[in-house]
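*Asks:* My questions will all concern the structure given below.
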Amino acid sequence: MKKLLLAAVALSAFATPALADPQASWNVTGTVAAQCGAIAGNDADLAFGSLNINASDGTLAANGSKSTTSQDVYCNGGSSTISVAATPMTNQTNTSAEDSNFTGTINYTTDVNFAGSHFGVGATQSLGAKAGTLVVTASNLTANNSKRPYAGDYQGTVTVTLTPGV
Amino acid sequence: MACLLLALLALSPAGVAHADVLTVNAKGTIGTSCTLAASSQFAAPDLSASGSVTAQASVNCNTGFKINALSANGAIANGTVAPANFTNLVPYALTLSVPLESGTPNPITATCASSTLVAGQSGCALSPADPGGLSSGGKASINKTATLTVAYTVPALPTRLIAGSYSDTITLTIAAVP
């Protein structure tokens, strides 16, 4: 009886099933905030200088285009947006109202070239994550209602807003 | 005479003592035992610049052992596809330091790039497919605290990290090597 009992104990020591090697896990988690920024370059004026006038009738002639120097800009979020707003060039020295012959307003076309992607005037345009140079160009100057522009200094404003989003 | 013979016969069963020795050996086996537990987790890394974070593990092995590591992503990673000039990966180096009961070196350490810790890799001591792993050289480690250090490197400009949440999971496996 004792021999049988010893045999049973001996067998039990070898009957333990094999176990998987122990493991433990650690998580490493972090967040990169969405942001947009200008790395280099400054806001610059689009200076057309003295605008060309058709001498024959005083209407606005072709004046080409002007571009800002490039700025290095980035937005790191996939849901980042760009908004472009532009106000017409208005006469700063002669604020007379537009009449049947003359106007104090000159319109223009705005283009924002951000790393090869072009954006016109508009709010909340999809941008995504993008980094590169940003150049603003004004072109195709036209007097409002095709009238003759009053003499004087004109000024408009282009506003580019970059909004980060993850 | 007849009386004497009867007396001898009567005494004979108890007259000679025969020794009957029973020998019992006491035997037992202490099995190898290795356990591993995460005793502290990593703090959230500041991904605005390169840096490091640490965590700790409780090691309890009554025999020699080896440890391998597995990285789920091979880097601290974001699931968003990164466009040009951006990346969604923060590579790191994992250093594991495990104190031993005795021996030299003590503690044992290994440092491996996160890219070598993905499944199937064997290029570093901690690599999951490295057969030797980080070996204790036959030494035990009883209730010791091991240290894990993740030294991460953010990309250099002009490459940037895309915004969002980044993560990786590091799994250590310990195996007895008597």
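The values are calculated or read from the model by the stated rules, or taken from the named source; none is laboratory data. This structure is a prediction, so every number in the text was calculated from the model and none was measured. Heads up, the Cβs are rebuilt from the backbone with ideal geometry, glycines too, and the neighbour counts pull from every protein chain shown.
*Asks:* Kindly indicate the residue of segment A:143-166 that is of a type in the set (S, T, N, Q) and either part of a strand (DSSP E or B) or loosely packed, with under 15 Cβ neighbours inside 10 Å (or both) and also nearest to the other protein chains (Cβ to nearest Cβ) among those meeting that condition.
*Replies:* From segment A:143-166, those of a type in the set (S, T, N, Q) are A:144-146, A:155, A:157, A:159, A:161, A:163; that's our starting set.
Add one more test, that the residue is either part of a strand (DSSP E or B) or loosely packed, with under 15 Cβ neighbours inside 10 Å (or both), and what stays is A:145-146, A:155, A:157, A:159, A:161, A:163.
Values: A:Asn145: 43, A:Ser146: 43, A:Gln155: 35, A:Thr157: 29, A:Thr159: 24, A:Thr161: 18, A:Thr163: 12 Å.
The qualifying residue nearest to the other protein chains (Cβ to nearest Cβ) is A:Thr163.
*Asks:* While we're looking at this one, here's another question. Would you pick out the residues in segment B:49-70 that are among the small types (Gly, Ala, Ser), under 21 Å from the mean Cα position of the chain (by Cα) and more than 9 Å from chain A (Cβ to nearest Cβ)?
*Replies:* Taking segment B:49-70 as the starting set, the residues that turn out to be among the small types (Gly, Ala, Ser) are B:49-52, B:55, B:57-58, B:64, B:69.
So of that shortlist, the ones also under 21 Å from the mean Cα position of the chain (by Cα) come out as B:55, B:57-58, B:64, B:69.
Within segment B:49-70, B:Gly64, B:Ala69 meet the criteria.
*Asks:* Follow-up. Condition first: closer than 30 Å to A:Gly165 by Cα and of a type outside the set (Val, Ile, Thr). Can you find one or more residues in segment B:107-114 that meet it?
*Replies:* Start the filter on segment B:107-114 by keeping residues that are closer than 30 Å to A:Gly165 by Cα, which leaves B:114.
Then drop every residue that is not of a type outside the set (Val, Ile, Thr), which leaves B:114.
So far as segment B:107-114 goes, yes, one or more of its residues are closer than 30 Å to A:Gly165 by Cα and of a type outside the set (Val, Ile, Thr).
*Asks:* So, B:Thr35, is that one exposed (fewer than 14 other Cβ atoms within 10 Å of the Cβ) and on the phi < 0 side of the Ramachandran plot or not?
*Replies:* Details: exposed (fewer than 14 other Cβ atoms within 10 Å of the Cβ): yes; on the phi < 0 side of the Ramachandran plot: yes.
Taking the combined requirement at face value, the residue satisfies it.
*Asks:* Filter segment A:99-142 down to residues that are more than 23 Å from A:Phe48 (Cβ to Cβ) and not small (Gly, Ala, Ser) and give me whichever is nearest to the other protein chains (Cβ to nearest Cβ).
*Replies:* Pass one, segment A:99-142, residues more than 23 Å from A:Phe48 (Cβ to Cβ): A:99-100, A:115-117, A:122-132.
Okay, now just the ones that are also not small (Gly, Ala, Ser), so A:99, A:124-125, A:127, A:130.
Working: A:Asp99: 51, A:Thr124: 18, A:Gln125: 16, A:Leu127: 11, A:Lys130: 7 Å.
Step by step, filter segment A:99-142, then rank; the result is A:Lys130.
*Asks:* Okay, moving on. Out of the residues in segment B:129-163 that are surrounded by fewer than 19 Cβ atoms within 10 Å (Cβ to Cβ) and within 12 Å of chain A (Cβ to nearest Cβ), state the one that is farthest from B:Pro99 (Cα to Cα).
*Replies:* B:Pro158
*Asks:* How many residues does segment A:34-72 hold that are within 30 Å of B:Gly164 (Cα to Cα) and modelled with pLDDT under 95? Break it down stepwise before answering.
*Replies:* Kept after step one, since they are within 30 Å of B:Gly164 (Cα to Cα), are these residues of segment A:34-72: A:34-43, A:70-72.
Applying the additional criterion that residues be modelled with pLDDT under 95 yields A:37-43, A:70-72.
Result for segment A:34-72: 10.
*Asks:* Is there a residue being touching a residue at least 12 places away in the same chain (Cβ under 8 Å) and of a type in the set (Lys, Arg) anywhere in segment B:23-42? Break it down into steps so the answer makes sense when it comes.
*Replies:* As a first pass, look at segment B:23-42 and keep what is touching a residue at least 12 places away in the same chain (Cβ under 8 Å): B:30, B:32-42.
Add one more test, that the residue is of a type in the set (Lys, Arg), and what stays is none.
Looking for residues that are touching a residue at least 12 places away in the same chain (Cβ under 8 Å) and of a type in the set (Lys, Arg), one finds none in segment B:23-42, hence no.
*Asks:* Would you say B:Ala110 is assigned to a strand (DSSP E or B), under 19 Å from A:Val28 (Cβ atoms), of a type in the set (Gly, Ala, Ser) and within 13 Å of chain A (Cβ to nearest Cβ)? Steps first, answer last, please.
*Replies:* Working: assigned to a strand (DSSP E or B): yes; under 19 Å from A:Val28 (Cβ atoms): yes; of a type in the set (Gly, Ala, Ser): yes; within 13 Å of chain A (Cβ to nearest Cβ): no.
In short, no.
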